[in-house]
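One structure is given below, encoded as structure tokens.
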Amino acid sequence: MIHQLCDRVAVIYLGEIVEYADSPSLFVSPKPPYTQALLSATPLPDPNKSTDRTRLTGEVPSPTDPPSGCRFHPRCPERFDACDSVNPELRDHDGDDHLTACLLYDEEYDEQMG
């Protein structure tokens with residue numbers, strides 16, 4: 001429904017925007033692992049079709065006492081060391097007006113992702 005009604009979409013996790021993009025771009029190519037997991041949980045209109053859903057582990061942190069660094073890092077399947085301490089800024093990493101707050105898209109941390 002959001003895809004059909006909205007021109008731009010902001011995805012929020014624990015009170016912070018993790019992705020902001022035009023609707024087609026976000027739904028076709030979600031970037032942060034949280035958005036990918038969220039969209040993988042979208043029900044399909046055909047009950048005979050199955051999808052590969054992303055299963056997140058761990059408990060959702062408290063929004064009143066969020067973890068240090070990236071708020072999603074305790075549950076993120078792509079987490080690497082910098083995620084524990086660096087809170088990523090929402091920015092356009094590729095010049096395509098698709099904003100993300102995720103270190104996976106930050107060139108400064110490419111070597112750490114190894």
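The values are calculated or read from the model by the stated rules, or taken from the named source; none is laboratory data. These numbers come from a predicted model, not from an experiment. Backbone-built Cβ (ideal geometry, glycine too); neighbour counts: all protein chains shown.
Here are some notes:
- Residue check, residue 69 loosely packed, with under 15 Cβ neighbours inside 10 Å and under 23 Å from residue 110 (Cβ atoms): no
- Residue, nearest to residue 73 (Cα to Cα), within segment 36-54, restricted to residues that are surrounded by 11 or more Cβ atoms within 10 Å (Cβ to Cβ) and among the aliphatic types (A, V, I, L, M): 37
- Subset of segment 1-51 that is touching a helix residue (DSSP H, G or I) at 6+ places or on another chain (Cβ under 8 Å) and basic (Lys, Arg) - its residue that is nearest to residue 93 (Cα to Cα): 31
- Within segment 75-114, considering residues that are charged (D, E, K, R) and crowded, with 17+ Cβ neighbours inside 10 Å, the one nearest to residue 57 (Cα to Cα): 75
- All conditions in (1) over 20 Å from residue 78 (Cβ atoms); (2) modelled with pLDDT of 95 or more hold for residue 24, with the sole exception of (2).
- Qualifying residue in segment 8-26 (condition: of a type outside the set (Ser, Thr, Tyr), closer than 26 Å to residue 109 by Cβ and free of Cβ contacts under 8 Å to residues at least 12 places away in the same chain): yes
- Considering segment 1-85, the qualifying helices (runs of 4 or more DSSP H), each wholly inside and each with 1 or more residues that are under 12 Å from the mean Cα position of the chain (by Cα), run over 23-28, 33-40.
- For segment 78-103, filtering for residues that are touching a Pro at 6+ places or on another chain (Cβ under 7 Å) and not small (Gly, Ala, Ser) leaves 4.
- Test for residue 33: is it buried (at least 17 other Cβ atoms within 10 Å of the Cβ) and closer than 19 Å to residue 75 by Cα: yes
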